[in-house]
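Read through the structure below, which is laid out as structure tokens, and then see the notes.
The values are calculated or read from the model by the stated rules, or taken from the named source; none is laboratory data. None of these values were measured; they are calculated from a predicted model. A quick note on method: Cβ atoms are made from the backbone with ideal geometry, for glycine too, and the neighbour counts reach across all protein chains shown. SASA here: full protein model, heavy atoms, side chains in, ligands and nucleic acids out. Shrake-Rupley method; radii C 1.70, N 1.55, O 1.52, S 1.80 Å.
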Amino acid sequence: MLMADLGDVRLHYRIDGPDDGAPLVLANSLGSDFRLWDGLLPHLPEGLRILRYDMRGHGLSDCPEPPYSMGALVRDAERLMEHTGVRDAIFVGLSIGGMVAQGLSAKRHDLVRGAVLSNTAAKIGTRQMWETRIAEVEKRGVEAIADAVLERWFTRKFRASEAIKPWRNMLARTPAKGYMGCAAAIAGTDFMTPTSGLRLPLLGIAASEDGSTPPDMVRETTDLVPGSQFALIRGAGHLPFVEKPAEYGQILTDFLKGQGHI
């Protein structure tokens, strides 16, 4: 178990792969921890040096008082990469992790050489929508919104199976303050202008049954960056590598090879 003391927050993280491997950073969604990626790792090429971490307020990382800013979340990723010596990486961000990817890509060209924006956008939802959700979590906890969130996360078939149970537990056990803090960061973020200024290899990944960031939303953000690529995974929801790990792994592997990263 590894903890990075960044001064104002301690982040729980894990590194898999050789010290001299091609660096890959995986940043996950609101309401999850870095175990989210467990099923994807077997479908990625050997030899990668993979950094995963629990965002502040999630998993085993510290949970400061909310609200959080997107700037703070970007700084967390920046300082963690410096702490671990991970540079010149491909940064894969899912949902809020994809917003972090956008912010960090604009800020630190030395840390990020390419980005994968998975099931995310430059702006997600409206401030009013997020404020309503924050108020509900403050009043009743994450458990109260869990079933509605899972409808957006997974297909009907997956939700009807036993496989849904650990994902519901992961979401419902997210600290309310951590969920509220990161939700506030999303509410206050509009990266349309900085993302349109990015000039680096970029891949957008969307899923046909995503109820949080539908394909058109992901495509719109991806198209802001000249020369970007886009992939659509059918029959999956907001966390496509949970339902379609092999397909997601192949898309990501092809992108890594196309950039000469592996």
Lysines near LYS107 by alpha-carbon distance under 30 Å, same-chain residues fewer than 8 away left out - which ones? LYS123, LYS177, LYS257
Order the peptides 205-215, 110-120 from the highest to the lowest mean number of other Cβ atoms within 10 Å of their residues. 110-120, 205-215
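Could you provide, to the nearest whole Å², the per residue accessible area of the chain with probe 1.4 Å? Mind showing how you got there, number by number?
Values: 10900 Å² over 262 residues.
With the other protein chains kept in place, the chain gives 42 Å² per residue.
Provide the packing ranking of 172-184, 250-262, i.e. peptides ordered by the mean count of other C-beta atoms within 10 Å per residue, highest first. It would help to have the intermediate numbers written out before the result.
On the way: 172-184: 21.3, 250-262: 16.7.
Highest to lowest by the protection proxy: 172-184, 250-262.
Count charges around ARG173 for me, please; just the other residues with Cβ under 11 Å from its Cβ, Lys/Arg as +1, Asp/Glu as -1. Let's see the in-between values first.
Working: positive: ARG168; negative: ASP33, GLU143.
Around ARG173, the charge tally is -1.
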Of the GluC sites (Glu not before Pro) in the range 124-171, which ones lie in a loop per DSSP and count no more than 14 other C-beta atoms within 10 Å? GLU162
Centroid-to-centroid separation of the range 86-109 and the range 218-242 [C-alpha atoms, Å]: 15
For the chain the mean separation of alpha carbon contacts under 8 Å (6+ apart) over residue count, i.e. relative contact order in percent, is 22
Based on alpha-carbon centroids, what's the gap between the range 148-200 and the range 20-38 in Å, whole number please? 14
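Could you state the orientation-averaged shadow area of the convex hull built on the Cα atoms of the chain, in nm² to one decimal?
Values: hull surface 48.8 nm².
Averaging across all directions leaves 12.2 nm² for the Cα convex hull.
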Computed, not fitted: 222 nm per-residue ellipticity of the chain from DSSP H runs ≥ 4 (each -39500 (n - 2.57)), nearest 500, equal to -11500 deg cm²/dmol
Dipole of the chain [Lys/Arg +1, Asp/Glu -1 at C-beta], most positive-end residue of ILE251, ASN119, LEU198: ASN119
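Round to a whole number: what % of the accessible area of the chain belongs to carbon and sulfur, probe 1.4 Å? It would help to have the intermediate numbers written out before the result.
Numbers: 5260 of 10900 Å².
On the chain, the fraction of accessible area on carbon and sulfur atoms equals 48 percent.
Antiparallel as a % of all DSSP beta bridges within the range 2-259, to the nearest 5? Working shown, then result.
On the way: 8 of 32 bridges.
If we restrict to bridges inside the range 2-259, about 25 percent are antiparallel.
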